[in-house]
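First comes the structure, then the notes that go with it.
The values are calculated or read from the model by the stated rules, or taken from the named source; none is laboratory data. Values in this document were obtained by computation on a predicted structure and should not be read as measured data. Cβ sites come from the backbone with ideal geometry, for glycine too, and all protein chains shown count toward neighbours.
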Amino acid sequence: MHFDVIILGGGPGGAKAAQVLAKGGKKVALVSDNLGGECLNYGCIPTKTYLSATELFEKIKEFQGGLKISEAYLDWESMKQYKNKIVEKLKKKLEWSLTQSGATLINGHGEIGENGKSVTVGQETHTTDTLILATGSRARLLPNIEKSEKVVTNYEILDLPTVPQKLLVVGGGAIGVEFASIFAALGSSITIVEMGAHLLPLEDKEVGEELRRVFERKKITVLTETKASDEHFATNDIALIAVGRSTAHSDTLIKQLNLTTNEHGKITTTDFLQTNQQHIYVIGDLAGKALLAYTAEREGEIAAQHILGKTPKPINYGAVANTIFCSPEISSVGMSEEAAKAKFGENILVGKSPYSANSKALILGVRDGFAKIVANKNTRVILGIHIIGEKATELIAEASLAVANNLTIDEYNENLHSHPILGEVVKDACSQLI
Ligand SMILES: Cc1cc2nc3c(=O)[nH]c(=O)nc-3n(C[C@H](O)[C@H](O)[C@H](O)COP(=O)(O)OP(=O)(O)OC[C@H]3O[C@@H](n4cnc5c(N)ncnc54)[C@H](O)[C@@H]3O)c2cc1C
């Protein structure tokens, strides 16, 4: 069959592109070997489902406001079943909305024809005018370390038959600290091994240090500037490898389709995600601009709108919030203090306010965390906002608007906040600079 557009990969990027194109009147096929992609099946959704149980459990244990529950415990089997139910429900919903939009769903693994003008799934070859590559990324392994019953990635850990007594987490990035939070609450004794100087090396240093402080209070061992050794592997029941993502098949695609790459080996695209081959677009984790479900989705939307002949506003990646759902949660947008210092020297302002000074946090029994604002001393424009603490991943939405619109600390401060809310913690950080 011939299509106007074939999309390869049914994660958040591919699914969004399919919906926008179908609604825009294009004959579009979404070829997917696992609808929902990494996000729905092994990433965002399963981990956040587990975290909803573990966080609630920890809150119940710690809350001192009169709640009495005689027996609360986490049941791993029930957690897995609940996770499967949520994934299935969301998958059905996605399938329904794709079909409703008019997109054709083709289940199976697609092989791209030589010039990117056809895709073969099983015995059937489909031709296309335009191809969108949305094949995502996979867990990266360490050289010389193979997966086994004892060495797992973000896939296998979701369905471990039992909760390990001792869990080694190799990599203190977003994925590593989320799983450490889950399994610490489940009762595993956790050791995190991170090569960088602090946890979450891509985040503001103080945030990584605060997370370490809280983790250590929870009896999680954090070893920074440390490489995982044979001894680490031998002394733990299970090792989770969480050392980043790879797009293993991208080399083959690049060669086969004659795509150009940048100095980091990523496929070069325009702001509209179009490659040097005008009929080929690359979006999401495969494009590698930001490894997030919501950027993948927006990139899918942008590529689709461009194919429909529109000129969508490109993503300002510098103003995209990063969210990490460990306990306590972390989120950030814009420059860290270190990055701002590197660019502007001492010409920056830093305001910080702890959750312990926030009345809602006190009511909720929350004591850890802070919000931090980094601004340019001359222009007073906000360069970055960093939050670690309760609901940080929700509070960042307002912060991103401020950074995306180059608000000054004075403008941010003029915006009234309700009371008592956790959101006042960011406003209080800002007030420090007024
Ligand atoms: C543990 C974990 C937690 C995460 N948590 C979050 C979070 O909370 N928030 C967030 O924003 N992001 C999170 N992410 C990142 C997020 O999952 C990814 O950024 C997002 O899924 C990328 O979307 P995508 O559309 O590029 O591709 P993917 O979601 O990777 O989907 C690509 C799909 O294409 C399929 N595919 C590949 N090749 C072919 C082929 N030849 N034929 C057919 N199908 C093919 C793949 O099997 C896959 O199903 C998390 C990731 C992990 C691993």
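Brief remarks on what is shown
- Restricted to strands (runs of 3 or more DSSP E) entirely inside the stretch 220-330, those with at least 2 residues that are under 16 Å from the mean Cα position of the chain (by Cα) and not assigned by TED's automatic domain parsing to the domain that holds ILE382 are 322-324.
- Residue that is nearest to the ligand (Cβ to nearest atom), among those in the stretch 136-156 that are surrounded by 13 or more Cβ atoms within 10 Å (Cβ to Cβ) and more than 18 Å from GLY37 (Cβ to Cβ): VAL152
- THR47 falls short on exactly one of the conditions (1) near the ligand (Cβ under 8 Å from one of its atoms); (2) outside any helix (DSSP H, G or I), and that condition is (2).
- Residue match in the stretch 117-136 (condition: at pLDDT 95 or above, under 22 Å from the mean Cα position of the chain (by Cα), not β-branched (Val, Ile, Thr) and not in a strand (DSSP E or B)): yes
- Which numbered condition THR252 misses (of (1) within 15 Å of the ligand (Cβ to nearest atom); (2) modelled with pLDDT of 95 or more): (2)
- The condition of being exposed (fewer than 15 other Cβ atoms within 10 Å of the Cβ), of a type outside the set (Ser, Thr, Tyr) and in contact with a strand residue (DSSP E or B) (Cβ under 9 Å, 6 or more places away or on another chain) holds for only one of GLU111, GLU95, GLU62, GLU71, that being GLU111.
- Candidate set from the stretch 214-230 (those that are free of Cβ contacts under 8 Å to residues at least 24 places away in the same chain and not polar (S, T, N, Q)); member that is surrounded by the most Cβ atoms within 10 Å (Cβ to Cβ): GLU216
- Check on LEU167, more than 10 Å from the ligand (Cβ to nearest atom), modelled with pLDDT of 95 or more and crowded, with 19+ Cβ neighbours inside 10 Å: yes
- Top-ranked residue in the stretch 18-44 [being buried (at least 22 other Cβ atoms within 10 Å of the Cβ), near the ligand (Cβ under 7 Å from one of its atoms) and of a type in the set (A, V, I, L, M, F, W, C); ranked as nearest to ILE106 (Cα to Cα)]: VAL31
- Filtering the stretch 300-320 to residues that are of a type in the set (Gly, Ala, Ser), surrounded by 16 or more Cβ atoms within 10 Å (Cβ to Cβ) and under 21 Å from VAL5 (Cβ atoms) leaves GLY300, ALA303, ALA304.
- Of all residues in the stretch 139-168, those satisfying the criterion of being in contact (Cβ under 8 Å) with a residue 60 or more places away in the chain and part of a helix (DSSP H, G or I) are ILE157, LEU158, ASP159.
- Enumeration of residues in the stretch 268-290 that are of a type in the set (A, V, I, L, M) and surrounded by fewer than 20 Cβ atoms within 10 Å (Cβ to Cβ): ALA290
- All positions within the stretch 121-138 that are of a type in the set (Gly, Ala, Ser) and in contact (Cβ under 8 Å) with a residue 40 or more places away in the chain: ALA134, GLY136, SER137
- Pair list, Cβ under 7 Å, 6 or more apart: the stretch 105-120 residue in contact (Cβ under 8 Å) with a residue 40 or more places away in the chain, other residue in a loop (DSSP other than H, G, I, E, B) and near the ligand (Cβ under 7 Å from one of its atoms): GLY108/ASP33; HIS109/ASP33
- Within the stretch 46-72, residues that are within 20 Å of ASP159 (Cβ to Cβ) reach partners that are assigned to a helix (DSSP H, G or I) and of a type in the set (D, E, K, R) with beta carbons closer than 6 Å, at six or more positions or on different chains, in the pairs PRO46/LYS83; THR47/GLU178; THR49/LYS83.
- Total residues in the stretch 321-343 satisfying the condition of being farther than 29 Å from ILE182 by Cβ, surrounded by fewer than 23 Cβ atoms within 10 Å (Cβ to Cβ) and hydrophobic (A, V, I, L, M, F, W, C): the figure is 3.
- Any hit, the stretch 381-397, residues being more than 22 Å from the chain's Cα centre (by Cα) and of a type in the set (S, T, N, Q): no
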